[in-house]
Structures are given as structure tokens and as C-alpha cells.
Amino acid sequence: MDLSSIKSTKPNRNLFKKIFAFVFALLIVVSSYIYLNNTSKKAENVIQVLRVNSSEGIEAYATLTKKNIEKYNLIEKEYTKDMVLAEEFDNVVNQLTKYYLRKESIIYRDQLTDKKPKKNEWLYEVADENEVLTLPYNFLEVGGDILAPGDNVRIRVSYDKEVSNSAAGNPNSSGSTTTVRETEILFQSIVIKDMLNSNSRSIYEVYKEVQKLNEDKKQEVMKSEEFISSIKPKAILVEGTSKEIGSYAKYLGYENKSFLITILSRKNSQVIMDQLPTIEKEVESWIDPQK
């Protein structure tokens with residue numbers, strides 16, 4: 001009997017492969033079962049969250065009340081940690097929304113704030129040594145609707161000045177005077193902080209109020225003649241140093257004074273209206289029924 005063939009026989013390597021494959025497949029089956037089981041449980045389990053209850057939604061910076069929010073059952077697998085839980089109901093009442101929330105939308109934590117927005121917030125950023133000056137101007141003579149808060153402008157003043165004839169080079173004059181028209185630069189470059197309409201209301205605040213509305217209400221308001229009129233400026237507000245404001249006050253005493261306002265480059269400007277949604281063109285298209 002030839003024993004060499006027996007000695008050369010090795011354990012079946014395929015057996016280990018088969019065992020490994022079986023164990024691996026078993027792990028996959030078990031893992032899948034656990035995953036599906038957990039998913040099924042999450043589908044059955046519900047978590048109570050808060051959502052908008054108002055039929056018109058909730059406007060931006062509006063107060064949450066017990067009437068405009070409600071508890072809502074959400075399946076666990078759709079829940080995320082940034083949603084506001086129903087158990088926090090009493091804590092979120094009286095908080096403010098940061099922007100418009102649609103009807104029946106779930107409320108998220110980053111949509112709420114305790115801080116009430118300040119009106120004319122730019123006033124809080126005026127340097128302590130500076131002052132704010134209101135200047136009336138003609139809407140059509142200064143760029144129409146091009147001019148906006150944040151623009152840099154140059155302001156010249158023209159006025160009538162009485163000059164004695166002797167000072168003007170006439171030695172034979174006997175104390176008589178001549179009226180001379182003078183023009184000087186009052187502000188070389190100054191930033192428009194805000195603009196006022198015919199009701200002396202901030203135009204920037206008008207824009208902000210409109211942005212709080214839902215889309216349907218916003219379109220309704222912006223179609224109105226009242227809104228178009230409310231965004232036509234009658235005066236500008238500028239921030240200047242005490243010296244600059246003093247110069248302006250000096251010229252108020254001259255006869256037949258007039259101010260010329262010209263718009264400077266926007267290259268280094270931060271126009272406030274550019275930070276809001278562009279709505280002027282939308283207004284034009286709504287007014288024109290063919291568009």
C-alpha cells in the first residue's frame with residue numbers, strides 16, 4: 001500500500017471558505033432583520049412635534065400663540081432633532097418667528113427667536129461722534145428710483161451772497177452791494193442711511209414689513225397704489241460729523257439756497273436694497289396685465 005498519497009493529502013481548503021461564507025451571509029441576514037425591525041418600529045412609533053395651525057401661516061417676526069400652533073403626531077423615522085417637540089409648547093409660546101412659516105409646516109428651532117427686531121437698526125450703529133441729518137429732495141431730479149439707502153452721494157449748495165462793490169474791486173462804490181451766486185461742495189461723499197416717503201416713514205422699513213407677509217398677501221399689497229406711493233422718497237437721511245452738520249446749518253441762513261445731490265459710484269457701497277429681494281420689477285409686471 002502506497003502511503004505517500006495519504007501523507008500528501010491536506011485538509012479541504014474549500015471547507016473554510018464555505019464556513020466563512022455561511023457566517024458572513026448569516027451576519028447579513030441578522031443585520032438586515034434588525035434594521036428592518038427597527039425601521040418597522042419607527043414607522044409604528046410616533047413623536048409629537050409642533051406645527052403651524054394658522055390657515056394663513058405665520059408672518060415673519062410674529063408671536064407664537066396657543067392658537068397659531070398645534071401638536072402633531074409625526075412618525076419617528078421622519079423626526080429630526082432640530083424639530084420643536086410638543087412638550088416644549090409652553091416654552092415656545094411668545095417667541096417670534098424669524099421669517100414666514102407656511103400653513104401646517106413643522107416648526108424648527110432655528111426658525112424662532114427671543115429677540116424682537118429693532119426698527120431702523122442702522123441708527124444703533126451710528127458713531128457716537130456723528131449725527132443724522134434729514135435732507136428734502138426732488139425724487140425725479142436725483143435718479144428717480146435708482147437712488148437707494150447705502151448709496152454714496154455728493155451734495156453741493158448754491159446760495160445768494162451779498163458782496164460789497166468795494167470788495168468786488170469797485171473803489172468808487174459808496175457802500176453798495178451786489179448779489180452774487182455762490183456754489184460750494186457741502187458733502188464731498190456721504191452715505192444715505194435711509195429714505196423717507198411723503199408720510200415721513202422709513203422706506204427701508206416699508207420694504208421689511210412687506211417681506212414679512214406670505215406670498216399671496218405680499219403680491220396683493222404690492223399691486224396697490226398705496227404701496228407704490230409709499231416707496232417714493234421725499235427726503236434722505238445721512239450720517240455726518242458735527243463739523244459737516246455745522247456747515248449745513250450755516251448755509252440755511254443764506255437766501256435762495258438750493259442743494260444739488262449727485263450719485264457716486266457703487267463700487268465701494270453697500271446698498272441696503274440689494275440685501276432685500278428685488279421686488280420693483282415684480283411690481284411692474286403685476287401692474288401690467290400683459291406680463
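Taking the criterion of being of a type in the set (D, E, K, R) and in a helix (DSSP H, G or I), the residues of segment 217-253 that qualify are 217, 218, 220, 225, 226, 243, 244, 250. Within segment 254-271, residues that are surrounded by 15 or more Cβ atoms within 10 Å (Cβ to Cβ) reach partners that are among the hydroxyl-bearing types (Ser, Thr, Tyr) and part of a loop (DSSP other than H, G, I, E, B) with beta carbons closer than 9 Å, at six or more positions or on different chains, in the pairs 259/137; 261/137. For segment 138-147, the criterion of being assigned to a strand (DSSP E or B) and within 29 Å of residue 259 (Cβ to Cβ) is met by no residue. Confirm whether residue 87 is in contact (Cβ under 8 Å) with a residue 40 or more places away in the chain, not assigned by TED's automatic domain parsing to the domain that holds residue 261 and not in a strand (DSSP E or B). Against the criterion (in contact (Cβ under 8 Å) with a residue 40 or more places away in the chain, not assigned by TED's automatic domain parsing to the domain that holds residue 261 and not in a strand (DSSP E or B)), residue 87 does not qualify. Checked against the criterion of being part of a loop (DSSP other than H, G, I, E, B) and among the hydroxyl-bearing types (Ser, Thr, Tyr), the candidates 198, 158, 189 yield just one match: 198. Among the residues of segment 117-158, not one is in contact (Cβ under 8 Å) with a residue 12 or more places away in the chain, exposed (fewer than 12 other Cβ atoms within 10 Å of the Cβ) and of a type in the set (Phe, Trp, Tyr). Evaluated against (1) of a type in the set (D, E, K, R); (2) more than 30 Å from residue 191 (Cβ to Cβ); (3) part of a strand (DSSP E or B), residue 131 falls short on exactly one condition, (2).
Kindly provide the set of residues from segment 195-243 that are in contact with a Ser or Thr (Cβ under 9 Å, 6 or more places away or on another chain) and of a type in the set (A, V, I, L, M), ordered by number. Once the filter is applied, which keeps residues that are in contact with a Ser or Thr (Cβ under 9 Å, 6 or more places away or on another chain) and of a type in the set (A, V, I, L, M), segment 195-243 yields 195, 196, 203, 206, 235, 236, 237, 238. Got at least one residue in segment 126-143 being closer than 18 Å to residue 205 by Cα, assigned by TED's automatic domain parsing to the domain that holds residue 185 and of a type in the set (Gly, Ala, Ser)? No, every residue in segment 126-143 fails to be closer than 18 Å to residue 205 by Cα, assigned by TED's automatic domain parsing to the domain that holds residue 185 and of a type in the set (Gly, Ala, Ser). Annotation note: Cβ proximity below 9 Å between a residue of segment 99-116 that is under 18 Å from residue 48 (Cα atoms) and of a type in the set (Ser, Thr, Tyr) and a residue that is in a loop (DSSP other than H, G, I, E, B) and modelled with pLDDT of 90 or more (sequence gap 6+ or interchain) occurs for 108/80; 108/82; 108/84.
The values are calculated or read from the model by the stated rules, or taken from the named source; none is laboratory data. Everything numeric here is computed off the predicted structure, so don't read it as measured data. We place every Cβ from the backbone using ideal geometry, glycine too, and count neighbours over all the protein chains shown.
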